[in-house]
Amino acid sequence: MSKPLLDVRDLSRRFGGLKAVEGLSLEVGQGEIVGLLGPNGSGKTTALNLISGALRPDRGSVKLDGLETAGAPNFKVARLGISRTYQLVRLFKTMTVLENTVAGMSFTHAHLFGREAIPPAMELLDRVGLAARASHRAEDLTYIDQKRLELARCLASRPRVLLLDEWLAGLNPKELLQAIELVRSLKHEGVSILMVEHVLEAVRSLCDHCVVMNAGQRIARGTAASVLADPEVVRAYLGDEDA
Amino acid sequence: MKSRSTVFLIASLVAFIVLAFAPATGNDYTTSLLINLLLYANLATAWGIFCGTTRFISLATVAFFGVGCYSVAMLAEVLPWPLVLVVSALLGGALALLIGLCTLRLSGMYFVVFSFGIAELIRQLVTWYESKFVGSVGRYVFLETSPAQIYWQLLILLALLWALGAWLSKSRLGFALRLIGEDESAARSCGINTVGVRLAVLMGTAMFMSVAGAIVAPRWTYIEPSIAFNSLVSFQVVVMALLGGVAAFYGPVLGVVPLVLAFEVLTKYFPDHFSIVLGAIFLLIVYLLPRGLLGIGEKLWRKVK
């Protein structure tokens, strides 16, 4: 196997006495989609926060294409090419859909801003299906469209690794199919994705392999089918009696 | 779009040129009133550029202003005037850096309270220093300047501030500032060094406030901490900026004109009830004009269209 694009080793972070993430290791190869699973409170979002630089790890390393990013501030990690969506969508609410998208490209790779940013931004909006709403205020969008917009903002930064935090949650079946296709098309363009996800249908159809966390630690890794059948994973989700 | 901004630019330029002739045509009273107007126009515009966009409501305006006044009181006899202005700007910037570093993790109410506290702290520190080491709380400022000269300096300062505001509204830095005001963590994840942007703009606007304080200091001839660091100034600046509207850099000025005139009348006829009326005006603005005169103007404009 060639060197992974995103290489996370022994990542750990405590909050007081709580070990939110403990010795987590995972790899995401170029163009791979990796699922990060686990029951609520198992540390998945904390793991994303550590990788994206929103939180500083106590220990461990995060390497993007061999370059250490652990401990670097959020904005630097974003400039290096790790972009994320939030579990609870975070948009620039009173600004327009177009401005929200431009925000993703103004401070990262090409510093695109102003008039020259409009064509590429519109192209991205077209891709996520929001071109017709470019001049709407972000907060006036429906929930699903807000999620789409957040993804467009991430893509605007031309990320090498995309971190999706439950991006598929709350969609209806038709929207879910569209969203899955969208994520798959990103993979074909060579974007590597680490996704925290509870929608198992999506995990099965998208993820090349999965990492399962419980109580801050990795308890399983492998293909979606194999980890979902793993007795320890079942126990983590359902408790002892049902296993 | 482009023609509109050109019209705005030309209108601003004409306004500044016309204003430059005001002292020659009016009397001493009008000049002193205009100085007041320009002083608050400077303070409120500078306040709006940082606080309006980032939504960090600062009550430290008078701290920067007072630092400017005191640079004059302490240095005017030793240094040439331009250098005094430079020193006051640097001191204001340094103070802003300190305040900025202390408030990196504060937002909302906590930032407001901190900024108010630090202004009061500085006032007390200066009082303590003056009485302990200088022996007298007040200082005299004897400088040969005419009201017209003060007026022109303030006008130039406002022109610079205006240019800064116009540039920010079109630049990447200004865009970053707006994004920070909307959602700071999302701004960070877009690659914005939010700490750096906040510090830089806070320092920049604070320098203008300090220089404004330095320019008007010679008017008083006698200053003491309770004059130079009068917290009422900070509150007035907030009220004016909010009345005008902070969505655009030229908004606060719209609030400065009516309120400076109103305060002029108030201090003349109701000197004892000044703070009560100020508070009432503040409440009315917040309840009736949440987005200021600028917001009303926009609403009307949309209806006309």
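Taking the Cα centre of the protein assembly as shown as reference, the dipole from Cβ charges on Lys and Arg (+1) and Asp and Glu (-1) amounts to some 720 debye.
Within chain A, which is the longest segment containing none of the GluC sites (Glu not before Pro) that sit in a DSSP loop and have at most 14 other Cβ atoms within 10 Å?
The answer is A:1-188.
Inverting the mean 1/r over all pairs of different Cα atoms, compute the Kirkwood radius of segment A:1-135 and quote it in Å. Kindly include the intermediate steps, with their values, before the conclusion.
Values: mean 1/r = 0.0599 Å⁻¹.
With all distinct Cα pairs of segment A:1-135 included, I get 16.7 Å.
Within segment B:158-242, the proportion of Cα pairs with more than 16 Å between them is 65 percent. What is the protein assembly as shown by shape, rounded, prolate or oblate, if you read a ≥ b ≥ c off the alpha carbon gyration tensor as root eigenvalues and call it rounded for a/c under 1.5, prolate for a/b larger than b/c, and oblate otherwise? Here the protein assembly as shown falls in the prolate category.
Of the GluC sites (Glu not before Pro) in segment B:36-139, the ones in a loop by DSSP (not H, G, I, E or B) with at most 13 other beta carbons within 10 Å are B:Glu77. Give me the net charge of B:Ser32's neighbourhood, meaning all other residues with Cβ under 15 Å from the Cβ of B:Ser32; Lys, Arg count +1, Asp, Glu -1. It works out to a net charge of 0.
Scanning residues 5 or more positions from A:Arg59 or on other chains, those with amide H under 5 Å from its amide H are A:Ser12, with H placed 1.01 Å from N in the peptide plane. When both bridge partners sit in chain A, DSSP labels roughly 55% of those beta bridges antiparallel.
In this structure, the residue pairs whose Cα-Cα separation is over 30 Å, taken from B:Lys170/B:Lys303; A:Lys76/B:Lys170; B:Lys170/B:Lys299; A:Lys76/B:Lys299, are A:Lys76/B:Lys299.
Which entries of A:Lys3/A:Lys63; A:Lys147/A:Lys174; A:Lys147/B:Lys305 have Cα-Cα distances beyond 21 Å here? Distance filter (> 21 Å) returns A:Lys147/B:Lys305. Averaging the Cα positions of each part gives two centres, and for segment A:65-98 and segment A:181-219 these lie 18 Å apart.
Looking at the P(r) of segment B:1-136, how many percent of alpha-carbon pairs lie beyond 24 Å? Display every interim value, and only then the final one.
Numbers: 4563 of 9180 pairs.
Above the 24 Å cut-off, segment B:1-136 has 50 percent of its Cα pairs.
Per-residue ellipticity at 222 nm, computed for the protein assembly as shown from helices alone with -39500 (n - 2.57) per DSSP H run of at least four residues, works out to -18500 deg cm²/dmol.
Is the C-alpha gyration tensor of segment B:2-230 telling us rounded, prolate or oblate? Criteria: a/c under 1.5 is rounded; beyond that, a/b larger than b/c is prolate, otherwise oblate. It comes out oblate by the Cα gyration axes. Take the Cα radius of gyration of chain A and divide it by 2.2 N^0.38 Å, N being the number of residues; the result is 1.00. Working value for segment B:84-169: equivalent-ellipsoid semi-axes of 26, 26, 10 Å, each the square root of 5 times a Cα gyration tensor eigenvalue, largest first. Mean separation of Cα pairs under 8 Å and 6 or more residues apart, divided by the residue count, gives chain A a relative contact order of 26 percent. The H on the amide N of A:Gly222, modeled in the peptide plane, is under 5 Å from the matching H of A:Cys210, each at least 5 residues off or on a different chain. Per residue of peptide B:174-187, the mean number of Cβ atoms on other chains within 10 Å of the residue Cβ is 5. Here the ratio of the Cα radius of gyration of segment A:89-158 to 2.2 N^0.38 Å is 0.95.
Ranking B:Gln149, B:Ala94, B:Ala176 by how far each Cα lies toward the positive end of the dipole of segment B:87-206 (charges on Cβ) leaves B:Ala176 at the top.
Laboratory data are not the source of any read-out in this text; all were calculated from the coordinates shown. The shown structure was predicted, so the numbers you read here are calculated from the model rather than taken from an experiment. Every residue, glycine as well, gets a Cβ built from its backbone with ideal geometry; the counts of neighbours run over all protein chains shown.
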